[in-house]
Each structure stands twice: as C-alpha cells, then as structure tokens.
Amino acid sequence: MTPLLLSDIEQAVRSSWSAETCTPEFRSRWTEDNPARDQCGVTAMVLNDLLGGELIRGEVHVNGERVDYHWWNRLGMGIEVDLTREQFGPEETVTEGIVIPRPPVTEWRRLREEYDLLRDRVMEKLDRQQASASVAARRQPSVELMDERVERVDEQDQVVAVVGRGEAIRHRWLHRIAVTVCRDREGRILVHRRSEHVDRFPGHYEVASGGAVAAGESYEEAASRELAEELGVRAPVRFIVKFLNRSGLSPHWLAVHEAVLSDNLCPDPDEVMWHGWLSESELLRSMKENLFTPDSHDTLNHYFAAAVQPSD
C-alpha cells in the first residue's frame, strides 16, 4: 500500500466540491470562483470519517449578529483543520468553536444526500490515487482496499453478495468486522496505536485488534486470524457481543470478542507502532486525552455492557 499524504486528501476534497454538494438552500450562490462556499458541514463530516477527531462548530457573524454556523475539524493534540474558512468575505467573522458530538448518519435530517455525494467522490479519487501510485511504484494495489473480498450483508446480518471491501466502503454497504478486546491475567486491557503508514486512521489508538471478515469466514475465525496478523499471537477468542455499528468509514456489523494473552506479543510494525496494558480506569482516562478510532468508543461500551462492568 502506498500511503496517502494529507495533501492528497485535501486535493480530493477540494476537487469534489460542486453546487450539488453545498447546502441546498444556498445553492444558488455557489460559484466556481468560491468553491468552498457552503461546503463546511459535509466537508467536516467527510474529514471526520477519514481522520477521526472531533467536529467543531462556530457562529458566523455579520455586524455583530449571527447569520449562520460554520463547521471544521479538530485532530489529535488539539490541531484544528478548516478547509472551508476561505469562503468568507471581510464582513463575515467566525467565533470560537465548540465541540459538537457527531450524530449517527441515520438520524440526519438534512445534508444527507450532499454528504453521501461528497464522500463517494472523495473516496473514488483517493482509491484512484492509491492505485495509480502503486502501479507507478511497480507494486500491486492494496489487497485491503482493492482486492479483499467480503460479504455484503443486510440489516439482519444475512449474506446478500460477495463484494470488494473498497466497494463496500464506497457504497456504504453493510459488511462484517470482527475485533478482539485483549486482557492480561491481571485484567488489564491492551491498547495499541496504529502505525502512521496504515491507510485508515493512521496514528490513532485502538482498544481492540481486528478487521474485516473475509468471504466464507466466521466472525471467530476472522478474530483469531487478525490477532495473529496484528499481534503475532494465537489464542482462543470468546464471542462477547455483536451490534450494528454506523460509526467510522462505513456501516458494518461488528462482533466483539475477548482473549486472555500473555506479555509475549510480537506486533506487526507495519500495523502497530506502540502497545501497552492499561487498567479500566487508565483506559477510560486515556480515551478522553488521546485520539482513538471512531469504533473504539462503541466497541468498549458494548463490551463492558455485555461482558463486565468497570471495576476500578
């Protein structure tokens, strides 16, 4: 996999803007001379899909009165990214922002079509970018993004078809993910930090190891395989809970497992740049202070609810 640059993501987003992706009620005022106009909400959501972090909302003022809202992103260590701030004229000012929790896509009452369109355009451009870079470097396109075959499923987790994972993500088709929460014999939970070179959520922390369930695999088989690939260990996994998860890059059925491991881990350096064991209280504190993948919070909440309650 040839890693993307942040500039690749910015270029893909900017080249995907159009009148069809801006706020509908202001569509008539969008022009190619000011392409960022009224693109802030959907742009912030797509960047949140790709990079994680938090959504920030400020107020737009003219002559001291609020006339609109403006959205942007906050990444790890408080770094703020705003690709659409350039849209404003000298008479418009933006206030300090506040963090706004992201609602599930299914609860959106507006901008859903615009978000889906922008997201599909950006993902298509990034897929082409990686494929072209891989060919230029005489490497095969990413198995994970381009070739991995997964099962598209329905709302009841019944198989509909076998598709490519990249295709499932682009079209937001439900598919299957299996993860494992790992504990040591003292009950501490393994936390790891994703490599800066992975294509999804580089540098983010995670509370579970796992990935997509391949076509023909069971959830348990996929969980065991991912443990071996990511952490270099083979251990029995115990199914805990399965739920329909709509956070992250695309919706999926997420099966959470548990495994008890020793300290003799051998993480794949291409996947994991750091790992450590945390007590439940240390983990909950870390999740407030560090940037975790979007799945991590939902995974931990369902895991605790189904398996154990925090004890310290």
task = Could you list, in sequence order, all residues of segment 1-54 that are over 22 Å from P294 (Cβ atoms) and among the small types (G, A, S)?
result = S7, S15, S18, A19, S28, A36
request  = State all residues of segment 28-80 that are under 18 Å from Q11 (Cβ atoms) and among the acidic types (D, E); if no residue qualifies, say none.
outcome  = E32, D49
query = Mind checking which pairs have a first residue in segment 192-205 that is acidic (D, E) and a second that is part of a loop (DSSP other than H, G, I, E, B), Cβ under 6 Å, 6 or more apart or different chains?
reply = E196/P202; E196/G203; D199/M1
key: Hits in segment 222-238 (condition: farther than 24 Å from W173 by Cα and either open to solvent by 50 Å² or more (accessible area, probe 1.4 Å) or touching a helix residue (DSSP H, G or I) at 6+ places or on another chain (Cβ under 9 Å) (or both))   = E229, V233, R234, A235, P236, V237, R238
ask   = In segment 192-209, which residue that is assigned to a loop (DSSP other than H, G, I, E, B) and charged (D, E, K, R) is modelled with the highest pLDDT?
value = E196
query = In segment 57-90, what residues are in a loop (DSSP other than H, G, I, E, B) and within 30 Å of P202 (Cα to Cα)?
reply = L75, I79, D82, L83, T84
inquiry  = Scan segment 114-131 and tell me whether some residue there is open to solvent by 40 Å² or more (accessible area, probe 1.4 Å), more than 19 Å from S218 (Cα to Cα) and either in a loop (DSSP other than H, G, I, E, B) or at pLDDT below 85 (or both).
reply    = yes
key: All positions within segment 158-170 that are out of contact with any helix residue (DSSP H, G or I) (no Cβ under 8 Å at 6 or more places or on another chain) and either open to solvent by 10 Å² or more (accessible area, probe 1.4 Å) or assigned to a strand (DSSP E or B) (or both)   = Q158, V159, V160, A161, V162, V163, E167
task = Taking the residues in segment 55-78 that are among the β-branched types (V, I, T) and surrounded by 15 or more Cβ atoms within 10 Å (Cβ to Cβ) as candidates, determine which candidate is nearest to the chain's Cα centre (by Cα).
result = I56
inquiry  = When the residues of segment 5-39 are narrowed to those that are open to solvent by less than 40 Å² (accessible area, probe 1.4 Å) and assigned to a helix (DSSP H, G or I), which ends up farthest from V198 (Cα to Cα)?
reply    = A19
remark   = Listed by first then second residue, the pairs whose first member lies in segment 1-16 and is over 18 Å from D120 (Cα atoms), whose partner is in a loop (DSSP other than H, G, I, E, B) and at pLDDT below 90, with beta carbons under 7 Å and at least 6 positions apart or on separate chains, are M1/S142; M1/D199; T2/A137; T2/R139; P3/H197; P3/D199
query = Taking into account only those residues within segment 40-54 that are outside any helix (DSSP H, G or I) and open to solvent by less than 60 Å² (accessible area, probe 1.4 Å), which is nearest to E96 (Cα to Cα)?
reply = G53
Number of positions in segment 258-274 that are over 20 Å from the mean Cα position of the chain (by Cα) and either within 20 Å of H204 (Cβ to Cβ) or touching a residue at least 40 places away in the same chain (Cβ under 8 Å) (or both) = 10
message = For segment 193-204, check the following and say yes or no: at least one residue is open to solvent by less than 30 Å² (accessible area, probe 1.4 Å) and touching a His at 6+ places or on another chain (Cβ under 7 Å).
response = no
ask   = Inside segment 84-107, can you point out the residues that are surrounded by 13 or more Cβ atoms within 10 Å (Cβ to Cβ) and modelled with pLDDT under 90?
value = R102, V105
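The values are calculated or read from the model by the stated rules, or taken from the named source; none is laboratory data. Here the structure is a predicted model, which is why all the values come from computation and not from measurement. Heads up, the Cβs are rebuilt from the backbone with ideal geometry, glycines too, and the neighbour counts pull from every protein chain shown. The area values use the complete protein model at the heavy-atom level, side chains included, leaving out ligands, DNA and RNA. Shrake-Rupley method; radii C 1.70, N 1.55, O 1.52, S 1.80 Å.
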